[in-house]
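The values are calculated or read from the model by the stated rules, or taken from the named source; none is laboratory data. Owing to the predicted nature of the structure, the values given are computational and were not obtained by experimental measurement. Cβ atoms come from the backbone with ideal geometry, glycine included; neighbour counts cover every protein chain shown. What goes into the accessible areas is simple: the full protein's heavy atoms, side chains included, and nothing from ligands, DNA or RNA. Shrake-Rupley method; radii C 1.70, N 1.55, O 1.52, S 1.80 Å.
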Amino acid sequence: MPKTQYYTATTIDGFIADPDDSLDWLFAVAEGENRFAEFFAGVGAFAMGATTYEWVLAHDDLLDHPEKWKSYYADVPCWVFTHRELPPIPGVDLRFVQGDVRPVHEQMSQAAGQKNIWLVGGGELVGAFADAGLLDELILGQAPATLGAGKPLLPRRLGPDRLELVSAAQNGQFVQITYRVKS
């Protein structure tokens, strides 16, 4: 059964970006085995928020180098949740949407077929999927860093009655933690 998964890196104190939306803290950590390719091989559709999309655009200069997107994500369709006009990346299957995540999740499920849906972030977008009962799994790479403030991992209350630990393992300086989200 395909899953809707939030796969992301986080600090020990639960932030995915600093207050200025920077990920410099993440790139300062020595990476262990890169498990992204293995994860992404099981993804048939993915979604991100506008701030995440803008960061990816700027970080990889994707408007001038759209081939980078294809090297990361191939032709897997991506939904971008936004309330403003954002530039599309030439030749990329992007779908700019807004509003309720439920009908978008249905579209993503159809596009993904028997593969999983990846929620890239940010935390507020993932929270909307969790609120709608559409989040199945958290896959977190916890980095040895604290920020004290920033963009929260998931700005929702999910207690131990909703989270079941599936696995935890060391990966270089990261701890890879997977939780199943119960309805």
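Subtracting the Cα-Cα distance of Gln114 and Phe39 from their residue separation scaled by 0.36 nm leaves 25.6 nm. In segment 24-87, the inverse of the mean reciprocal separation of distinct Cα atoms equals 13.5 Å; this is its Kirkwood hydrodynamic radius. Using Cβ point charges alone (K and R +1, D and E -1), the dipole size of segment 115-183 about the Cα centre works out to roughly 40 debye. Think of it as helices only: each DSSP H run of n ≥ 4 in the chain is worth -39500 (n - 2.57), and spread over all residues that comes to -7000 deg cm²/dmol at 222 nm.
Scan segment 36-92 for trypsin sites (Lys or Arg not before Pro) in coil per DSSP, keeping those whose Cβ has at most 16 other Cβ atoms within 10 Å, and list them by number.
Arg84
Looking at the chain, the accessible area is 52 square angstrom per residue; that uses a 1.4 Å probe and ignores ligands, DNA and RNA.
On the accessible surface of the chain, probed at 1.4 Å, how many percent belong to carbon and sulfur atoms? Please report the intermediate quantities before stating the final value.
Details: 4910 of 9510 Å².
With neighbouring chains kept in place, the figure for the chain is 52 percent.
The peptide list 164-177, 112-125, 14-27, put in order of mean Cβ contacts within 10 Å with the highest first, becomes 112-125, 14-27, 164-177. Length available on full extension from Glu164 to Asp100: 0.36 nm per residue minus the Cα-Cα distance, which gives 20.4 nm. Sequence-ordered 3J(HN,Hα) estimates for segment 69-82 from the Karplus curve with 6.51, -1.76 and 1.60 and θ = phi - 60° stand at 4, 4, 5, 7, 10, 6, 10, 5, x, 10, 9, 10, 7, 7 Hz, glycine and proline given as x.
How high is the relative contact order of segment 77-183, in percent, counting Cα pairs under 8 Å that sit 6 or more residues apart?
The normalised contact order for segment 77-183 reaches 22 percent.
Protection proxy ranking for 96-107, 49-60, using the average of other Cβ atoms within 10 Å per residue and placing the highest first: 49-60, 96-107.
Explain nothing, just the number: relative contact order of the chain, from Cα pairs under 8 Å at least 6 residues apart, as a whole percent.
Relative contact order here is 37 percent.
Taking a straight line from the alpha carbon of Lys3, these lysines sit under 22 Å away, with near neighbours fewer than eight places off in the same chain left out: Lys115, Lys182.
Spin-label model, Ser71/Arg156: points 7 Å from Cα along the beta carbon direction are separated by 3.5 nm.
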